[in-house]
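The values are calculated or read from the model by the stated rules, or taken from the named source; none is laboratory data. Small disclaimer: the values here were computed from a predicted structure and weren't measured. When we count neighbours, we look across all protein chains shown, and the Cβ atoms used for this are built from the backbone with ideal geometry, even at glycine.
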Amino acid sequence: MGETEVETRVVDSLGYSKKHVDFNSITTEVEQIQNTLYKIGYIENKVSGIEKINDSTFHAQIALKTKFSTIYIYYKNEDVEKAVLKAISSHVFDEYFILEFPLVENALNFINSETSKKGFPFSRLQLSNITAKNKTRLEAELTIESSTQKRSINNIVLKGYEKFPKSYLKYYLKVKPGQTFNLAGIKKKTEQLANLNFANETKPPEVLFLKDSTNLYLYLEKSRSNTFDGFLGFGTNEDTNRLEFDGYLNLNLINNLNFGESFRLLYKSDENDQKTFEADASLPYLFNSPVGIDLLLRIFKRDSSFTTVNQSAKIHYQINAQHKIFAGIVATESNNLLSTNITLSIEDYKTQFFTTGYQFQKAQPYNLLFRVKSRIDLETGFGNRKTEINKEKQSLFSIDAFNIFNLNQKNSIFIRANGANLVSGNYFENELLRFGGINSIRGFEENSLFASLFGIINTEYRFQLNNAIYIHSIFDTGYFENKIAGTQQKLFGYGFGFGILTKAGLFKLNYANGKNEDSEFKLSNSKVHISLKASF
C-alpha cells in the first residue's frame, strides 16, 4: 500500500498478486511493483520495509513521492540521427528531444536497435546525469557506447544444403558478404525462403563474431520440389449419350541442377478432340546477374481444323522475394488444316507481340494443403497479325489472381479472378481465347468455350477437417463475348469437392455442373474431375 489513500489506489491499480507461497515470492513481487512504478514516472519511490503482521499476513508500504510526466533527453548528433528520434518523439530539436515518461523504455530500445542495424551489434546506451528541473520534468543525457569497429558480413556459411544457389542469396534474399551486419534484418530476409518451393529454413540464422571478422550461418534444407500433376475427367455426351473421358499430364522439374531452374512439360487431350503440348523453361539469374530468361513452346491442335504454335522468350527481373517483372516477345503461327475451307473464319496467320508483365506471390508455408496464399499475374501484349492479304494491329490483356481469406485455422474462402481480352479489328476462329474446365470455369468441358473476351470468378468455401483433408464448395461465374458469332453469355458452375494429402501427393475430386443463363439445369451436364499432384 501507499503512504496515502491516493497512493494506495495507484499501487492497487497495478494489479499485483496478493497471495504468495513464501517470503522470497513476496520480496520479488514488491521489486516488480517498484519497477513498474519507475516506468510510469515514480522514479523516487521507496519501500519502507516488509512487516510481518502474523503467520499469513505481511505488510509493505511504498512511498511513491513525485511523479514525473516528461523527460528532456540531450543527445549528440554523431551518436543518433534526427530521423531516428522523430520516429519516437514528436518534439525533436537540435540538442534534445522530449518524451512522455512511460515511453522511455521502448524509445531507448528502439534507438539501440537502430544503432545495431548500422553494424554495431554490441552497442549499449543509457541515460546519465538525470536531474529534476521541476515537479513534473526530468532532464538527462543520452550516452551510447559502441565498438569503434563497424561489423560487416565477411563470410556466409551454408549448413544442410551447401549447394543452395548463391545467386539466390545475393539477389533473392539480398544477403551478401560486405553487407552491414544486421541480424534482425537478416532473419526477416531469410523468412522469404517460404516463397521458394525448393528450399526451407530449418532454424534461424546464427552469427560467429571473431576479432576481425563476422561469419553468418544459414541453416537450410533442400525440399522435394518436382511435381507430377494429372487429372481424369468424365461426363456424358449429350448427343451420343455416351461416357467420355478427358485429362492431362503435367510434369514440373525444379532445381535439379541446384541452379533454381525449372522445366515444365504438359500434354493435354480433351473430349473435344483437342490436343495441347507445352514445354517451358525458366532460367533465373543468368551469369550471376539479377535477370533471368523464360522460354516457352506451345502447340495446339483442334481435330482436323487447325494447328497453332506459340513461341515466346521473356526476360524477367526478380525485384524481391514476392515481386517479379518481365518483358519479351511472343510469336504465333496458325495453319488451316481443312482441305476445303468450309468456314472463312479459320485462316492462316502469323502474329508477333511485345509483352510486359508483373507477378506477385505470397506464401503461407505452414499450411500443407494451401502453400500459396496470394498470387497475381498481369500481362499485356501489343503487336500485329499478318495474313497473305493484310496486316492487323492487335493487343492482348490478361489477368490471373487469387487470394485465400483465412477466417480461422479451419475455415477459409478462396477467390480467384481470371480473364483475358483480345482487341482486334476482326477475328479468326483459330486465334480466339479458349477456356473452360477444371482450371477455369468448372462444370464445362476442357477448352470448350471460345471467346474474344472472357472473365471468370471462382469461389470456394473451404473447411479443413485436419492438416491433410479438406472439403469445399464450388461456385463459379463467368462472362464471355465471341465477336465472330456475335454472342454474349453468362456462365455458372456449382458443385462441391474434397482434397486429401496422401503420401503420393494431393488427391482432389471435384463434382460440378455448368450452365449458361439461357439453359436449364441438367444433371447430365455434370462433370467429375479427378487429379493427383505428386511431389518427388
**Message:** So for the stretch 132-147 (the condition being within 36 Å of the chain's Cα centre (by Cα), closer than 13 Å to residue 80 by Cβ and among the hydrophobic types (A, V, I, L, M, F, W, C)), does at least one residue qualify?
**Reply:** no
**Complete:** When the stretch 384-413 is checked residue by residue, the ones that are touching a Lys or Arg at 6+ places or on another chain (Cβ under 6 Å) and not basic (Lys, Arg) are 384, 392, 394, 402, 404, 412
**Request:** Considering each of 368, 407 in turn, give the residue that is exposed (fewer than 14 other Cβ atoms within 10 Å of the Cβ), within 29 Å of residue 505 (Cα to Cα) and at pLDDT 95 or above.
**Result:** 407
**Message:** Which count do you get for residues in the stretch 498-509 that are assigned to a strand (DSSP E or B), out of contact with any Ser or Thr (no Cβ under 8 Å at 6 or more places or on another chain) and not aliphatic (A, V, I, L, M)?
**Reply:** 2
**Complete:** With criteria (1) surrounded by 14 or more Cβ atoms within 10 Å (Cβ to Cβ); (2) within 26 Å of residue 277 (Cβ to Cβ), residue 318 comes up short on (2)
**Complete:** Matching residues in the stretch 503-521 (in contact (Cβ under 8 Å) with a residue 12 or more places away in the chain, more than 21 Å from residue 459 (Cα to Cα) and exposed (fewer than 15 other Cβ atoms within 10 Å of the Cβ)) number 2
**Matching residues in the stretch 1-26 - criterion: being assigned to a loop (DSSP other than H, G, I, E, B) and under 50 Å from the mean Cα position of the chain (by Cα)** = 13, 14, 15, 16, 17, 18, 19, 20, 21
**Item:** Residue check, residue 283 under 24 Å from residue 448 (Cβ atoms), out of contact with any Phe, Trp or Tyr (no Cβ under 7 Å at 6 or more places or on another chain) and at pLDDT 95 or above
**Value:** no
**Message:** Given the condition within 18 Å of residue 182 (Cβ to Cβ) and part of a helix (DSSP H, G or I), answer yes or no: does some residue in the stretch 76-94 qualify?
**Reply:** yes
**Asked** Any idea which of 58, 68 is in contact with a helix residue (DSSP H, G or I) (Cβ under 6 Å, 6 or more places away or on another chain) and part of a strand (DSSP E or B)?
**Response** 58
**Item:** Yes/no for residue 89 being small (Gly, Ala, Ser) and in contact (Cβ under 8 Å) with a residue 24 or more places away in the chain
**Value:** no
**Asked** Does residue 89 fit the bill of being more than 30 Å from residue 211 (Cβ to Cβ) and at pLDDT below 85?
**Response** no
**Message:** Quick check on the stretch 331-340. Is at least one of its residues out of contact with any helix residue (DSSP H, G or I) (no Cβ under 9 Å at 6 or more places or on another chain) and at pLDDT 90 or above?
**Reply:** yes
**Request:** Search the stretch 384-403 for residues being outside any loop (DSSP other than H, G, I, E, B), in contact (Cβ under 8 Å) with a residue 40 or more places away in the chain and in contact with an Asp or Glu (Cβ under 9 Å, 6 or more places away or on another chain), and hand back the single one that is nearest to residue 369 (Cα to Cα).
**Result:** 396
**Asked** If we keep just the residues of the stretch 417-439 that are over 30 Å from residue 465 (Cβ atoms) and surrounded by fewer than 18 Cβ atoms within 10 Å (Cβ to Cβ), which is nearest to the chain's Cα centre (by Cα)?
**Response** 421
**Item:** Unique residue being more than 29 Å from residue 366 (Cα to Cα), among the hydrophobic types (A, V, I, L, M, F, W, C) and in contact (Cβ under 8 Å) with a residue 40 or more places away in the chain when the list is 433, 449, 453
**Value:** 449
**Prompt:** For the stretch 433-464, what are the residues that are in a loop (DSSP other than H, G, I, E, B) and modelled with pLDDT of 95 or more?
**Reply:** 452
**Request:** Give the residues of the stretch 353-365 that are surrounded by 14 or more Cβ atoms within 10 Å (Cβ to Cβ) and either within 30 Å of residue 302 (Cα to Cα) or of a type in the set (Lys, Arg) (or both), sorted by residue number.
**Result:** 353, 355, 356, 357, 362
**Message:** I'm trying to understand the selection: among the residues of the stretch 479-491, which are touching a residue at least 40 places away in the same chain (Cβ under 8 Å) and not aliphatic (A, V, I, L, M)?
**Reply:** 480, 482, 483
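Condition check ((1) surrounded by 14 or more Cβ atoms within 10 Å (Cβ to Cβ); (2) on the phi < 0 side of the Ramachandran plot; (3) touching a residue at least 40 places away in the same chain (Cβ under 8 Å)) across all residues:
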residue: 131; (1), (2), (3): no, yes, no
residue: 142; (1), (2), (3): yes, yes, yes
residue: 179; (1), (2), (3): yes, yes, no
residue: 183; (1), (2), (3): yes, yes, yes
residue: 205; (1), (2), (3): yes, yes, no
**Request:** Scan the stretch 490-518 residue by residue and report those that are under 30 Å from residue 225 (Cβ atoms) and of a type in the set (Lys, Arg).
**Result:** 503, 508
**Prompt:** residue 414: part of a strand (DSSP E or B), within 24 Å of the chain's Cα centre (by Cα), modelled with pLDDT of 95 or more and surrounded by 16 or more Cβ atoms within 10 Å (Cβ to Cβ), yes or no?
**Reply:** yes
**Item:** Looking only at the stretch 290-322, and only at residues there that are touching a residue at least 40 places away in the same chain (Cβ under 8 Å) and of a type in the set (Gly, Ala, Ser), the one that is nearest to residue 197 (Cα to Cα)
**Value:** 321
**Prompt:** Hey, any hits in the stretch 27-47 for a residue that's part of a strand (DSSP E or B) and either over 21 Å from residue 138 (Cβ atoms) or modelled with pLDDT under 85 (or both)?
**Reply:** yes
**Request:** Would you mind stating whether residue 262 is touching a strand residue (DSSP E or B) at 6+ places or on another chain (Cβ under 6 Å) and among the polar types (S, T, N, Q)?
**Result:** yes
**Asked** Quick check: anything in the stretch 110-117 assigned by TED's automatic domain parsing to the domain that holds residue 198, among the acidic types (Asp, Glu) and not in a strand (DSSP E or B)?
**Response** no
